[in-house]
Ligand SMILES: Nc1ncnc2c1ncn2[C@@H]1O[C@H](COP(=O)(O)OP(=O)(O)OP(=O)(O)O)[C@@H](O)[C@H]1O
Ligand SMILES: N[C@@H](Cc1ccc(O)cc1)C(=O)O
């Protein structure tokens with residue numbers, strides 16, 4: 001693969017790269033690059049997570065050595081799954097199983113448990129050094145990386161250590177590239193600034209878009225002066241709001257029902273979850289999408305890229321119902337192997353039962 005092809009694969013569909021010039025230089029250096037993503041194993045896997053899973057696949061295919069950090073301790077700090085570490089570990093196994101069945105070659109991944117990192121005293125020395133190089137105000141602002149705000153009344157003090165841990169993970173693993181959704185930007189910007197102060201390697205960060213929830217931008221609680229990033233985090237698909245999400249384990253019928261009920265006004269692309277599913281999940285896997293229509297409404301039509309389809313939708317040439325049916329069909333095709341593999345694993349069934357009974361946050 002040429003340098004341009006690798007760059008194209010790594011950057012496609014990303015919301016932002018900080019910075020593209022630095023990424024190009026790293027690729028041109030011909031050194032083996034090390035990248036990572038961390039996730040809090042906190043329960044079911046919704047289709048928004050497939051966006052970063054696709055990017056992990058792209059990075060592996062572009063020759064990057066990817067680490068998958070099972071952020072078990074971070075999830076425990078963040079009170080996920082009632083703080084039950086054994087349940088958190090089961091949820092981590094489940095997440096890895098989904099990633100594998102989405103087509104990521106997991107034998108090429110370096111899978112690391114935060115449990116093992118926190119046993120090392122060097123790790124904690126690093127956490128303290130990072131904290132020493134960051135102001136308390138900045139650490140508090142970064143709490144959004146764990147879906148929290150500094151103003152929350154009852155948070156315990158361990159949560160203030162979390163951002164310094166996430167930055168330390170990056171240094172400890174000696175990374176070139178950090179991947180995450182756009183809501184992880186504050187951790188990555190902090191890592192870049194602290195790297196300069198501590199003389200560490202400065203990461204390039206790749207941020208994938210956040211898939212909007214099935215209600216689009218409706219019924220969200222936006223307050224005056226909220227930043228654009230915070231608005232996106234508020235309206236994203238989230239497992240804490242099950243009505244906003246499609247889970248990879250949902251049945252074919254549930255996927256169809258959820259898609260049919262989703263926000264998708266005629267001619268509107270902004271915050272439209274159906275168009276976003278097509279753009280970020282379906283088109284990266286298929287060369288074309290076919291919209292089947294009755295001959296009275298113009299007959300079937302095929303689109304070879306997303307932009308062409310979006311244009312036709314905005315111009316009112318595609319009816320929301322036809323768009324939804326095509327989306328449900330393709331999405332079900334993508335989810336089928338994942339669903340099948342999960343059905344064959346009864347150990348996850350037990351975990352899912354426990355998870356639905358336990359409090360996510
Ligand atoms: N709707 C989404 N679309 C795309 N990526 C997402 C979405 N939600 C979360 N992510 C990404 O997935 C990773 C894990 O995030 P997080 O644990 O906050 O997910 P979540 O399922 O939304 O959790 P919660 O239910 O606590 O809000 C992060 O890199 C985050 O940016
Ligand atoms: N903060 C990330 C999880 C994470 C934890 C540690 C990391 O080093 C990286 C990512 C999330 O909420 O999903």
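Since every read-out is calculated from the coordinates, none of them should be taken as a lab result. Keep in mind the model is a prediction, meaning the values are calculated, not measured. Heads up, the Cβs are rebuilt from the backbone with ideal geometry, glycines too, and the neighbour counts pull from every protein chain shown.
Numbers below:
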{"item": "Spacing of the two label points (7 Å from each Cα toward its C-beta) at residue 136 and residue 290, in nm", "result": "6.4 nm"}
{"item": "Helix axis angle, 162-172 relative to the chain longest principal axis, alpha carbon, degrees", "result": "80 degrees"}
{"item": "Of all DSSP beta bridges in the chain, antiparallel share, percent nearest 5", "result": "30 percent"}
{"item": "Beta bridge orientation in the range 3-208: antiparallel %, DSSP, nearest 5", "result": "15 percent"}
{"item": "Proxy reagent accessibility, fewest Cβ within 10 Å first, across 266, 239, 55", "result": "266, 239, 55"}
{"item": "Three-way shape call for the range 121-247 based on the alpha-carbon gyration tensor, with the a/c threshold at 1.5", "result": "prolate"}
{"item": "The range 203-361 - Debye-derived log10 I(q)/I(0), Cα point model, q = 0.08, 0.10, 0.13 Å⁻¹", "result": "-0.28, -0.43, -0.71"}
{"item": "Cα centroid separation, the range 274-346 to the range 96-121 (Å)", "result": "31 Å"}
{"item": "Alpha-carbon centroid distance for the pair the range 134-170 / the range 1-65, whole angstrom", "result": "25 Å"}
{"item": "Taking N as its residue count, the alpha carbon Rg of the range 3-208 over 2.2 N^0.38 Å", "result": "0.98"}
{"item": "Residue order, fewest to most beta carbons within 10 Å, for 268, 212", "result": "268, 212"}
{"item": "Linear extension gain, residue 84 paired with residue 302, 0.36 nm per residue minus alpha-carbon span", "result": "73.7 nm"}
{"item": "The range 236-357, relative contact order in percent, only Cα pairs under 8 angstrom and at least six apart counted", "result": "29 percent"}
{"item": "Between 0 and 90°, nearest 10: helix 320-343 axis offset from the chain longest Cα axis", "result": "50 degrees"}
{"item": "Net lengthening on full extension, residue 230/residue 343 (0.36 nm per residue, minus Cα-Cα)", "result": "37.0 nm"}
{"item": "Sequence of 152, 292 once ranked by neighbouring C-beta atoms within 10 Å, starting from the fewest", "result": "152, 292"}
{"item": "The chain: angle of helix 185-198 to the longest principal axis, Cα-based, in degrees nearest 10", "result": "30 degrees"}
{"item": "Space enclosed by the convex hull of the alpha-carbon atoms of the chain, per residue, Å³", "result": "148 Å³"}
{"item": "Measure of compaction for the range 237-325 (Cα Rg per 2.2 N^0.38 Å)", "result": "1.10"}
{"item": "Whole-number percent relative contact order across the chain, with pairs defined as alpha carbons under 8 Å at least 6 apart", "result": "20 percent"}
